[in-house]
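What follows is one structure encoded as structure tokens, with my remarks underneath.
The values are calculated or read from the model by the stated rules, or taken from the named source; none is laboratory data. Computed from a predicted structure; not experimentally measured. Cβ sites come from the backbone with ideal geometry, for glycine too, and all protein chains shown count toward neighbours.
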Amino acid sequence: MDAFYASVEQRDFPAFRNKPLCVGGSRERGVVAAASYEARQYGIKSAMPSAHAFRLCPQVIFVAPRFEVYKKVSEQIRQIFFQYTDLVEPLSLDEAYLDVTEDKQQIKSATIIAQKIKAHIKQTTGLTASAGVSYNKFLAKIASAYEKPDGLKVILPEEAAHFLEQLPIEDFYGIGKVTAHKMHLMDIRLGKDLKQQSLSFLQKHFGKAGLFFYEMVRGSDNRAVTPNRIRKSIGTEKTFSSDLQDLKTIHEKLNELSVELTERISHLQDSGTTLTLKIKFENFTQVTRSTTASLPFLQTPVIYQTAQYLLQSVVIEDRRIRLLGLTISNLMPKKVQTTGSQLTIDFD
């Protein structure tokens, strides 16, 4: 989807249309969850601190996210996908892989299917989507971002080698800013430069990612589209409008997060045995603390008590906290969760 959260807000509120808009945070606090294309013209991007976005564009509009609305729209879109194939692998609310080798409507053309899906999404939701079509997931992913917004890029097998050789290294999916900078220092700027490097060279300088880089620049990706992605964690976090310093207030916010996490666990009917506390300070430094129990975390008092215990291991003193988060991982099958009962934990 094109600037999904921001596009939904502009669709639902005409006053936001054709204006620079950011979802998430505020002008002073938090980070940008999504930016409209009008905002992107000023250099504003997702995950950018809100204060920085405001400096780039003082007239930018900030709105709070409405995740329940986004989830409903995402489900509408997913149901459209299922009209064409059962092999749908969601990556997030606004993105998914589709394997249309065996398409339900017997269209026999991935490009035509993509055109029909885009039109169907526009008609149903009023939103635009961009599609990438190719013979594997890696190339389809790159193609999907190539002609945004409202784009459709096809990379045929016979075109892949030339396309990848001419592609700037920072446009490769899986290569972030840090890795791109490191490659630039090695005079690796285009796909053809990367392709000239041996596997041993890439593994030496990039570790396990070296094999991934070696294969992707050659258009090799044998991963299947997997409809049933396994959830690895359940979490919640909050960036505060003003930094926290008072210990009583910090504990109150931890309790609120514990309640919210319990609600998510109940809604998903899932939980796990590892609880992680995340703290981000005013200078954006971040620490995490984790502990693992014998039974999954299911109840607010136990989650809150454990979070308090984890907090004790963090030196706060005069440091101000801008974000707190709690995450459950090491998820267990539901039938395992029903054995035994959860007790409160005495950490003293």
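Of all residues in the range 164-212, those being more than 26 Å from the chain's Cα centre (by Cα) and among the aromatic types (Phe, Trp, Tyr) number 1. Take Gly126 and decide whether it is in contact with a helix residue (DSSP H, G or I) (Cβ under 7 Å, 6 or more places away or on another chain), at pLDDT 95 or above and surrounded by 15 or more Cβ atoms within 10 Å (Cβ to Cβ). No, not satisfied. The residue pairs whose first member lies in the range 268-295 and is at pLDDT 90 or above, whose second member is outside any strand (DSSP E or B) and charged (D, E, K, R), and whose beta carbons are closer than 8 Å, counting only pairs six or more residues apart or on different chains, are Phe281/Arg319; Phe281/Arg320.
Restricting the search to the range 237-272, which residues are of a type in the set (S, T, N, Q), out of contact with any Leu (no Cβ under 7 Å at 6 or more places or on another chain) and assigned to a strand (DSSP E or B)? Residues satisfying the conditions are Ser241, Ser242. Scanning the range 196-238 for residues that are over 24 Å from Lys141 (Cα atoms) and of a type in the set (Asp, Glu) yields a single hit, Glu237. Checking Gln41, Gln59, Gln76 one by one, the residue that is without any contact (Cβ under 8 Å) to a residue 24 or more places away in the chain and either surrounded by 14 or more Cβ atoms within 10 Å (Cβ to Cβ) or over 21 Å from Lys153 (Cα atoms) (or both) is Gln41 and no other.
May I ask you to say which residue of Phe213, Phe201 is aromatic (Phe, Trp, Tyr) and either surrounded by fewer than 18 Cβ atoms within 10 Å (Cβ to Cβ) or touching a strand residue (DSSP E or B) at 6+ places or on another chain (Cβ under 9 Å) (or both)? Just one listed residue meets the conditions, Phe201.
Against the conditions (1) of a type in the set (Gly, Ala, Ser); (2) surrounded by 18 or more Cβ atoms within 10 Å (Cβ to Cβ); (3) modelled with pLDDT of 90 or more, where does Gly30 fall short? Just the number, please. Going through (1) of a type in the set (Gly, Ala, Ser); (2) surrounded by 18 or more Cβ atoms within 10 Å (Cβ to Cβ); (3) modelled with pLDDT of 90 or more one by one, Gly30 breaks only (3).
Does Arg78 satisfy being basic (Lys, Arg) and either over 30 Å from Arg322 (Cα atoms) or over 19 Å from the mean Cα position of the chain (by Cα) (or both)? For Arg78, the condition - basic (Lys, Arg) and either over 30 Å from Arg322 (Cα atoms) or over 19 Å from the mean Cα position of the chain (by Cα) (or both) - is met. If only residues of the range 100-114 that are loosely packed, with under 12 Cβ neighbours inside 10 Å and closer than 13 Å to Val88 by Cα are counted, the one that is nearest to the chain's Cα centre (by Cα) is Thr101.
For the condition at pLDDT below 95, closer than 25 Å to Gly30 by Cβ and either among the charged types (D, E, K, R) or touching a strand residue (DSSP E or B) at 6+ places or on another chain (Cβ under 6 Å) (or both), Ile316 does not qualify.
Condition check ((1) free of Cβ contacts under 8 Å to residues at least 60 places away in the same chain; (2) of a type outside the set (Gly, Ala, Ser)) across all residues:
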site	(1), (2)
Val69	no, yes
Ile113	yes, yes
Ala143	yes, no
Tyr146	yes, yes
Glu170	yes, yes
